[in-house]
Every structure is written in structure tokens, then in C-alpha cells.
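Take a look at the structure below.
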């Protein structure tokens, strides 16, 4: 597995869970990616990130979550990329055995926002300004998906990001394009 971030606090049970899923295991072993902690069990002052860390951190909602990041490598033509593996229970369904589309939009928003924090390392807060989600196939629950995201453009305080939700066969279930805005610096 790739090197880990010092702040990585991924529980061993989560690692074991995703390593036991045949299609996830090769992704976890990719040395270009390192595990990172992103909003799983930690909240920020003012209850920031509480949706993923508390509300959706149950045995019926998001049962396991693992985040990884690859730095950009211009020599290889690679952008920076976040990969987040989600295993869902049946507690966020819209229809029987089908994950709610709003949950899909939320995990895309979260994953896409996280690539900004990993790649740009700017302490200024960023906020979603626009998010256009296209749904391709239902996400079956319980089940596991991988959300991926990468920055496509930066212009001053504006940041554009693309994201996808895929299954173990590489089928795209949803994709999104969005724009984030960095907060203005305080004087």
C-alpha cells in the first residue's frame, strides 16, 4: 500500500473491510496514492463536517469510508486525484435497495471539495458555488462504490472540479462538474 499520511487515522477494521473486496484491493495497493483522513470521524469547530462524521457514520448509512490522494505528476500527465471508497448500508435508500440521489450528490460534493483541500493546501475555506450532477445508473445498497475527483481549472479564487461515482467494474453511476470559491482573505 502507498505511504500513509501522519494524520491518517483509518481504523484497521476499515482497511480490512476494503482489502477484502477484490476490486478495491488493487486501488489500495497503488503506490501513487496515500491514505488521508477526510471528515470520517472528526468534526471541525462549529460542528463542521458533522454530516459525514456523525449523522452518516452508522451501521445503516455509510458503514465504511476510506480516502486516498495522488499528487499531480506533470511528467506523467497526471492530475491530482482523490479516491474515496464508500460502503453503504440500506439506511439512505430512495427506493428498495437503491441509494438516494441526494446522497450521491452529497458524496460527489464532499469528494470534489476534498481534492481542493489536498491539492491546493490553502487554509482559506472553499464553498460549493455550482454542482451539476448527471445520474447514469442506480447505486445498489448495500454495496460499495468509489468516488473520484480532480481539479480541472483554477482561476484566482474560482476552482472547477470533476467527479465520478463508479462501481467495481468501472461503470459510471453518476458524474458531476462543479465550481468552488475560496473565501476572501481576512484583513
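Taken together, the values in this text are just the output of simple stated rules run on the coordinates, not laboratory data. Note that the structure is a prediction, hence the values are computed from the model and not measured. So basically every Cβ, Gly included, is an ideal-geometry build from the backbone, and we count neighbours across all protein chains shown.
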Problem - Value of relative contact order over the chain, rounded to a whole percent, pairs C-alpha under 8 Å and six or more apart - result: 17 percent
Exercise for the section: Between residue 155 and residue 51, take the C-beta separation as r, use R0 = 35 Å, and let me know the FRET efficiency to the nearest 0.05. Expected result: 0.75
Completion exercise
The base-10 log of I(q)/I(0) that the Debye equation returns for the chain at q = 0.10, 0.17 Å⁻¹, one scatterer per C-alpha, is -0.38, -1.18
Problem - FRET efficiency, residue 15 to residue 100 (Cβ-Cβ, R0 41 Å, nearest 0.05) - result: 0.90
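Using packing as a proxy for protection, rank 10-20, 140-150, 176-186 so that the peptide with the highest average count of other Cβ atoms within 10 Å comes first.
140-150, 176-186, 10-20
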Problem - Rough spin-label spacing in nm, given labels placed 7 Å along Cα→Cβ, for residue 169 and residue 121 - result: 4.1 nm
Handout entry: Computed [θ] at 222 nm, deg cm²/dmol, the chain (DSSP H ≥ 4; -39,500 (n - 2.57); rounded to nearest 500)
Key = -5500 deg cm²/dmol
Exercise for the section: Subtract the Cα-Cα distance of residue 23 and residue 140 from 0.36 nm times their separation in residues, and report this length gain in nm to one decimal. Expected result: 40.5 nm
Practice task
Using 0.36 nm per residue of separation minus the Cα-Cα distance, give me the extension gain between residue 185 and residue 59 in nm, one decimal.
Solution key: 41.4 nm
